[in-house]
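Asker: Let me give you the structure first, and then I'll get to my questions.
The values are calculated or read from the model by the stated rules, or taken from the named source; none is laboratory data. Model, not experiment: these values are computed from the prediction. Here the Cβ is made from the backbone with ideal geometry for all residues, glycine too, and neighbour counts use every protein chain on show.
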Amino acid sequence: MKRAVIGVGSPFGKDQFGWRVADELQSSGQVTGVEYLKLDRPGISLLDEMKRYQQVVLVDALLLDEADKGVLVLDRHALIQQAQQGLSSHALGVGEVIALGSALGDLPEQLNLVGISATSVPFPIPYESVRQAVHEIVNLLNQGTSIC
């Protein structure tokens, strides 16, 4: 099974959360047989990247209510349901891409999103948030299935 962790974001501000988590996870060596990608506000090209894998864990800073603190983990079903609300801080963000991929039937079999609330997490992003996200992703990848 081809698996990937895709850090979505940019090298700027809180948007670097996805990249930092992908880097931290890759350098930790906790999970083998996984490809790591860092995509700079990928828009629709995210669908093309995800098509290459059966299991994908997306990592991103999300637009969530101020009350949402800590790391959020969404499985494929919850992610598709939430997609219409616009989760991402990008113009054509993760939510819109997931909604389109769902409509086209182009999503990976196993899909999760691990994120933090860009509105409630301070900058610079605390290392504890990165560490917690790495822990959640390791659990997902070691299970080999989505959390339901």
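Asker: When the residues of the stretch 66-77 are narrowed to those that are at pLDDT below 85 and of a type outside the set (D, E, K, R), which ends up surrounded by the fewest Cβ atoms within 10 Å (Cβ to Cβ)? Before you say what the answer is, go through the steps one by one.
Answerer: Residues of the stretch 66-77 that are at pLDDT below 85, as a first pass: 66-70.
Those still in the list that are of a type outside the set (D, E, K, R) too: 67, 70.
Details: 67: 8, 70: 12.
Restricting to residues being at pLDDT below 85 and of a type outside the set (D, E, K, R), the top hit is 67.
Asker: If you don't mind, there's one more thing I want to ask. For the stretch 107-124, which positions are β-branched (Val, Ile, Thr) and under 15 Å from residue 7 (Cα atoms)? Spell out how you get there, then give the answer.
Answerer: As a first pass, look at the stretch 107-124 and keep what is β-branched (Val, Ile, Thr): 114, 116, 119, 121.
The answer is 114, 116.
Asker: Now a separate question. Within the stretch 78-131, track down each residue that is among the aliphatic types (A, V, I, L, M), surrounded by fewer than 14 Cβ atoms within 10 Å (Cβ to Cβ) and at pLDDT 85 or above. First the steps, then the outcome.
Answerer: If we filter the stretch 78-131 for residues that are among the aliphatic types (A, V, I, L, M), which is where we start, we get 78-80, 83, 87, 91-92, 94, 97-100, 103-104, 107, 111, 113-114, 116, 118, 121, 125, 130.
Add one more test, that the residue is surrounded by fewer than 14 Cβ atoms within 10 Å (Cβ to Cβ), and what stays is 91, 103-104.
Listed by number, the residues that qualify are 103, 104.
Asker: Closer than 15 Å to residue 95 by Cα and not acidic (Asp, Glu), is that true of residue 61?
Answerer: On the way: closer than 15 Å to residue 95 by Cα: yes; not acidic (Asp, Glu): yes.
Considered against the rule, which asks whether it is closer than 15 Å to residue 95 by Cα and not acidic (Asp, Glu), residue 61 comes out as yes.
Asker: For residues that are of a type in the set (Lys, Arg) and not in a loop (DSSP other than H, G, I, E, B), scanning just the stretch 2-36, find the one that is nearest to residue 122 (Cα to Cα). Explain how you work it out, then say what you get.
Answerer: Let us first name the residues in the stretch 2-36 that are of a type in the set (Lys, Arg), namely 2-3, 14, 20.
Now restrict to residues that are not in a loop (DSSP other than H, G, I, E, B): 3, 14, 20.
Numbers: 3: 31, 14: 8, 20: 15 Å.
The extreme case among them is 14.
Asker: Keeping to the stretch 121-139, report how many residues are free of Cβ contacts under 8 Å to residues at least 12 places away in the same chain and more than 16 Å from the chain's Cα centre (by Cα).
Answerer: So in the stretch 121-139, the residues free of Cβ contacts under 8 Å to residues at least 12 places away in the same chain come out as 122, 124, 126-128, 135, 139.
Keeping just the survivors that are more than 16 Å from the chain's Cα centre (by Cα) gives 122, 124, 126-128.
Number satisfying all stated conditions: 5.
Asker: May I pose another question? Would you be able to say whether some residue in the stretch 41-55 is surrounded by 19 or more Cβ atoms within 10 Å (Cβ to Cβ) and within 22 Å of residue 121 (Cα to Cα)? I'd like the intermediate steps shown before the answer.
Answerer: Of all residues in the stretch 41-55, those surrounded by 19 or more Cβ atoms within 10 Å (Cβ to Cβ) come to 42, 46, 50, 53, 55.
Cutting the leftovers down to within 22 Å of residue 121 (Cα to Cα) gives us none.
Looking for residues that are surrounded by 19 or more Cβ atoms within 10 Å (Cβ to Cβ) and within 22 Å of residue 121 (Cα to Cα), one finds none in the stretch 41-55, hence no.
Asker: Scan the stretch 6-40 residue by residue and report those that are surrounded by fewer than 17 Cβ atoms within 10 Å (Cβ to Cβ) and either in contact (Cβ under 8 Å) with a residue 40 or more places away in the chain or among the β-branched types (Val, Ile, Thr) (or both).
Answerer: Result: 13, 28, 30, 32.
Asker: Please identify the pairs in which a residue from the stretch 100-111 that is over 11 Å from residue 47 (Cβ atoms) and touching a residue at least 12 places away in the same chain (Cβ under 8 Å) has its Cβ atom under 6 Å from the Cβ atom of a residue that is part of a helix (DSSP H, G or I) and not β-branched (Val, Ile, Thr), counting only partners at least 6 apart or on another chain.
Answerer: 111/76
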